[in-house]
Each structure stands twice: as structure tokens, then as C-alpha cells.
1. Go through the residues of the range 20-30 one by one and say whether even a single one is modelled with pLDDT of 95 or more, among the hydrophobic types (A, V, I, L, M, F, W, C), open to solvent by less than 20 Å² (accessible area, probe 1.4 Å) and in the same structural domain as residue 140 (by the TED database).
2. Suppose we filter the range 203-246 for residues that are acidic (Asp, Glu), open to solvent by 30 Å² or more (accessible area, probe 1.4 Å) and either closer than 19 Å to residue 265 by Cβ or in contact with a Phe, Trp or Tyr (Cβ under 8 Å, 6 or more places away or on another chain) (or both); how many remain?
3. If you check every pair at least six apart or on different chains, which have Cβ atoms under 8 Å apart with a residue in the range 127-143 that is within 11 Å of residue 82 (Cβ to Cβ) and free of Cβ contacts under 8 Å to residues at least 24 places away in the same chain first and a residue that is open to solvent by 10 Å² or more (accessible area, probe 1.4 Å) and of a type in the set (Ser, Thr, Tyr) second?
4. State whether the residues of the range 241-250 include one that is of a type in the set (S, T, N, Q) and assigned to a loop (DSSP other than H, G, I, E, B).
5. Is it the case that residue 190 is of a type in the set (Ser, Thr, Tyr) and part of a helix (DSSP H, G or I)?
6. Kindly provide the set of residues from the range 270-291 that are in a helix (DSSP H, G or I) and either over 23 Å from residue 231 (Cα atoms) or of a type in the set (A, V, I, L, M) (or both), ordered by number.
7. Take residue 177 and decide whether it is surrounded by fewer than 17 Cβ atoms within 10 Å (Cβ to Cβ), in contact (Cβ under 8 Å) with a residue 60 or more places away in the chain and assigned to a helix (DSSP H, G or I).
8. Here is a list of conditions, (1) modelled with pLDDT under 95; (2) on the phi < 0 side of the Ramachandran plot, and residue 113 meets all of them except one; can you say which number that is?
Amino acid sequence: MQLGMIGLGKMGGNMKLRLEKAGHQVVGYDRNPEVADVGSLAELVGALDAPRAVWVMVPAGEATRSTVAELAGLLSEGDIVVDGGNSRFTEDAVNAEALAAHGIGYVDAGVSGGVWGLTEGYALMVGGAEADVARLQPVFDALKPEGEHGFVHAGGVGAGHYAKMVHNGIEYAMMQAYAEGYELLEASEYVDNVPEVFKSWREGTVIRSWLLDLMDRALSADPKLDHVKGYVEDSGEGRWTVDEGIRLRVPLPAITESLFARFTSRQEDSPAMKAVAALRNQFGGHAVKSE
């Protein structure tokens, strides 16, 4: 199958390679001319045979919105656009409506796999019309991991990015649990070899996972994590998951706390904890550490 790929960074570039290894023809565009096959979106569209399929793999937000808007003026009736970035699910209906006015289909694809996707495959959660998804199935089959799992048509437009949002929220909580376990093991006077404990959990335990494998990998390279600063950003998906929990009145205590823990990591000194220390001093005369 022929496909246009817009955005050839860590994810898009490797996805292009995986598709080409599977025998698909991929025409790539990127703002970096050193990795691009064509010099503009117009050239990309011109290099594809109708009906065209174009996969957008650029940062969520304005970059995606402007790319979709430009494609709406370049593509033709019967073409399909896939947004494979981490867009918020609420933007999918807007994009789909804008493209539908030109007779262009729209599919949203939540993609998980990171830098390992080239060799291990990408888990794909897609939303859109049945006919549009079916037409793109050869591409999805080439990108997904081998075996029966790793792909789902989650529902209509927006369902793919919604599923990916929840996936990332769960990911936040899982990482936080492993991290808290690591800190407790490091603090304990009983455990002498924390990296080997994590390694031992990789087989036969109910907490084994790919994230645990990666934690083992990180500890093997840096047992005390001395070369890592305890500062963690968030991509936005955790926040959106918590927003949805509030909107739908679904309790998400683990995911919510894991998001707040990331906020804490960015504080040099917590103003809230300063207030708690001051209050303890006021009511109980507890000692306060000076700056």
C-alpha cells in the first residue's frame, strides 16, 4: 500500500522504516530536509496516487491542527487523513468535520511503542468509520506487533485517542508504583541489592511487565540512578485522563496521585510543605529547618 507520512522524528521515522520493511511504499515529509523525500506537503500529495492516505505524526496541538487544515486544501474527495499523534480526543471531531467538508475521511490513531516500535511493533488504538479503518488495515497490520494483539478499532472518531489517553494514564500510575517501590527498597536496611530484586520480578510474578523490564534495564546501567535528576514532565495525557475522571465522576486516585507526583518533582522546595512545617511549629513547637 502507498502512504504519505508527515513528521519523521523518533516515532514517525521508525514507523516509515517498519512500513517499508513490510513492503509498503511510504513518501515522507519533514521540516528537516535531510530526512524528507519531498520538500512540501503539496509535493507529498502530488507524489501519491489517488485515493490517497496520509498519516500525520507531528506534535499535538497547533502543529497538528495547521497540518490538517493545509491538507484539507490539498487532498481530494476519497482521500483519508490519519492523526497518529497524541492529540486530545476532543480535537478529532473538529478535524474530521473540516475534512468531511471536502469529502476526505479521518481516522485518529493512538500509537504506543516509543523508540522500540521499529523492532517490537506499535500498539494501535484507532477511531473512525468502519470503511476508512478497513482501507487502512494493511498499514495497521504492518505496524502492529506480531500475533493477535496490539490493534483495536475502538469506535468512532475520537475513540482511538481516548483509548490512548487512558492507556497513558494507566502508564503514569504503573511507573509511579515501580518508582515508589524502588525508593522504599533503597531506604530499607534489609535489602542489599535493589537492582537484582527488580530483575527477579521479571519472571513468574504478577507485576511483570515491559515497564518492569525497562526499569531493570535502567538500574543495570545506573544502579543508584545517580545520573538521573528527579524531574519529570508530563505530556498532557495524564491531565486529560484526570479531567475525564472528574467529568464522568469516575474515581481515579492512583492515576491522579501519579500526575501530582510529577508536579512535586519540579519543585525546588515545596511551598505547601513549608506551610505544613510552619503550622507544626505553631501548634506543637516542632522544630523548623531554616533556609
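1. Scanning the range 20-30 turns up at least one residue that is modelled with pLDDT of 95 or more, among the hydrophobic types (A, V, I, L, M, F, W, C), open to solvent by less than 20 Å² (accessible area, probe 1.4 Å) and in the same structural domain as residue 140 (by the TED database).
2. Of the residues in that region, 2 qualify.
3. No pair meets every condition.
4. No, every residue in the range 241-250 fails to be of a type in the set (S, T, N, Q) and assigned to a loop (DSSP other than H, G, I, E, B).
5. So residue 190 does not fit the description; no.
6. 272, 273, 275, 276, 277, 278, 279, 280, 281, 282, 283, 284
7. It is true that residue 177 is surrounded by fewer than 17 Cβ atoms within 10 Å (Cβ to Cβ), in contact (Cβ under 8 Å) with a residue 60 or more places away in the chain and assigned to a helix (DSSP H, G or I).
8. Single failed check for residue 113: (2).
The values are calculated or read from the model by the stated rules, or taken from the named source; none is laboratory data. These numbers were taken from a predicted model, which means no experiment stands behind them. Ideal geometry is used to build each Cβ from the backbone, glycine not excepted, and the neighbour counts take in all protein chains shown. Heads up: the accessible areas ignore ligands, DNA and RNA and are worked out on the full protein's heavy atoms, side chains in. Shrake-Rupley method; radii C 1.70, N 1.55, O 1.52, S 1.80 Å.
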